Amino acid sequence: MANPLQDPEFFQNPYPTYAALRSLGPVQPVPAGNGPARYLVTGYAEARAAFTDQRLSKDTARIFAGKDTGRNLHPAVSHSMLATDPPQHTRLRGLVTKAFTPGAIAKLRPYIESVVDEYLDNWTAGERVDAMESLAVPLPVTVICQMLGVPEADRAQVRAWSNDLFAAGQPERIDSASHAVAGYLADLIDARRRTPDDGLLTDLIRARDGQDRLSEDELVSLAVLLLVAGHETTTNLIGNGLLALLRTPELFHQLCEQPHLVGATVDELLRLDSPVSIATFRFATETISIGGAQIPAGSPVLISAGAANRDPGRFAEPDRLDLNRDARGHLAFGHGIHRCLGAPLARAEGEIAIHRLITRFPGLRLGVAYGELRWRRTRLMRGLEALPVVP
């Protein structure tokens, strides 16, 4: 049986595949080479429940202990906070969460606005421009690099490493990038320890909870996670969201006339085309039943936020963009203890970027036919390679 998640058409548009699998049941086995079948969760209720099911472990270090996976991922990537369970996850998240509170992000908004305006100042009316390359990609990279204290001269290389980490079907490329970015950030942490500043890395070095503090390995791992997750999600939110609006010009113009709707619109854009299509691996610690499927102990479980957010059982006419829809409750940022730590930052960047676009370029349109657009070949993320537009 062929793996439907490997079909080239899946990367271009995964939603017909998700719908077909969901029609068979909200949880379906998907073949995975010579290993055990993976169970894909596509139903909304089942996905929401799975995100909080303590029988689904993210502790990959324990799952793969003593096993030869044939991979050479740097531990900072393979054993990140994303791959831990409580109480370790609770401890790590507690030490870093203060940097991403709504109050902390509110203080960043003027800086984010200035960065967006700087990029849009380079756009010329009537001249085609790639919205990914000239806004969606560099904006969150610039913001998270600024927070972490990554020098401007290094940011292009950091961005390239991050892109390589999501290269589906290219394990050697992924592994190589994991060592490169981890090594770079270990050196940067060492520099910040010698010369502290007012940035996020210095805050993490100083972070304490009573007598507890982050170890060196934990510092590097968190820095890698914040750098990578801190911009990939936002890049795809801006690219996917802008494309959805431009494909329905009447709604784009409605938003131009009612810019106060941008905040609620971001939720609908996140629901319609989620930046994270399939969440990172979980493993059943015992034989369990989800959505009528019996999942054997040790089996990998994939929760698809992208599929769940288009479950007609939760959202009426889910394939349609509706600016009047109450899209709250979408799972684009996950749910439960592993809900995206950087969600407030991603939302702020997305809201500011879209607000600036509709106010500065109300005549914005697609620069190519929709069928010419290409999506990145990654199951985890859902993002465009390029998005040509004409201001």
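The values are calculated or read from the model by the stated rules, or taken from the named source; none is laboratory data. Only a predicted model underlies this, so the values are computations on that prediction, with no experimental measurement involved. So basically every Cβ, Gly included, is an ideal-geometry build from the backbone, and we count neighbours across all protein chains shown.
So for region 42-62 (the condition being at pLDDT 80 or above, among the β-branched types (Val, Ile, Thr) and not in a helix (DSSP H, G or I)), does at least one residue qualify?
Here is the first cut: in region 42-62, the ones at pLDDT 80 or above are 42-59.
Going one step further and asking which of them are among the β-branched types (Val, Ile, Thr), we end up with 42, 52.
Checking the rest, the ones that are also not in a helix (DSSP H, G or I) come to 42, 52.
Yes, region 42-62 has at least one match.
Does region 267-285 include one or more residues that are in contact (Cβ under 8 Å) with a residue 24 or more places away in the chain, over 17 Å from the mean Cα position of the chain (by Cα) and not in a loop (DSSP other than H, G, I, E, B)? Let's see the steps before the verdict.
Within region 267-285, the subset in contact (Cβ under 8 Å) with a residue 24 or more places away in the chain is 267-285.
When the remaining residues are screened for being over 17 Å from the mean Cα position of the chain (by Cα), the result is 283-285.
Okay, now just the ones that are also not in a loop (DSSP other than H, G, I, E, B), so 283-284.
So far as region 267-285 goes, yes, one or more of its residues are in contact (Cβ under 8 Å) with a residue 24 or more places away in the chain, over 17 Å from the mean Cα position of the chain (by Cα) and not in a loop (DSSP other than H, G, I, E, B).
State which residue is nearest to Asp217 (Cα to Cα) when the search covers only region 187-199 and only residues that are in contact (Cβ under 8 Å) with a residue 40 or more places away in the chain and assigned to a helix (DSSP H, G or I).
Residues of region 187-199 in contact (Cβ under 8 Å) with a residue 40 or more places away in the chain: 188, 192, 197, 199.
Filter once more, so that each one left must be assigned to a helix (DSSP H, G or I): 188, 192.
Details: Leu188: 13, Arg192: 15 Å.
Going through the qualifying residues, I end up with Leu188.
Select from region 6-28 the residues that are at pLDDT below 95 and surrounded by 15 or more Cβ atoms within 10 Å (Cβ to Cβ) and write down the one among them that is nearest to the chain's Cα centre (by Cα). For region 6-28, the residue satisfying everything is Phe11.
Against the condition surrounded by 24 or more Cβ atoms within 10 Å (Cβ to Cβ) and more than 30 Å from Gly149 (Cα to Cα), how does Arg282 come out, does it pass? Explain how you work it out, then say what you get.
Working: surrounded by 24 or more Cβ atoms within 10 Å (Cβ to Cβ): yes; more than 30 Å from Gly149 (Cα to Cα): yes.
Yes; evaluated as a whole, the condition is true for this residue.
On the stretch given as region 79-99, residues that are under 19 Å from Val220 (Cβ atoms) and touching a residue at least 40 places away in the same chain (Cβ under 8 Å) total 14. Counted as qualifying within region 70-176 are the helices (runs of 4 or more DSSP H) with 1 or more residues that are modelled with pLDDT of 90 or more and either surrounded by 18 or more Cβ atoms within 10 Å (Cβ to Cβ) or under 22 Å from the mean Cα position of the chain (by Cα) (or both), namely 88-96, 102-120, 138-148, 155-164.
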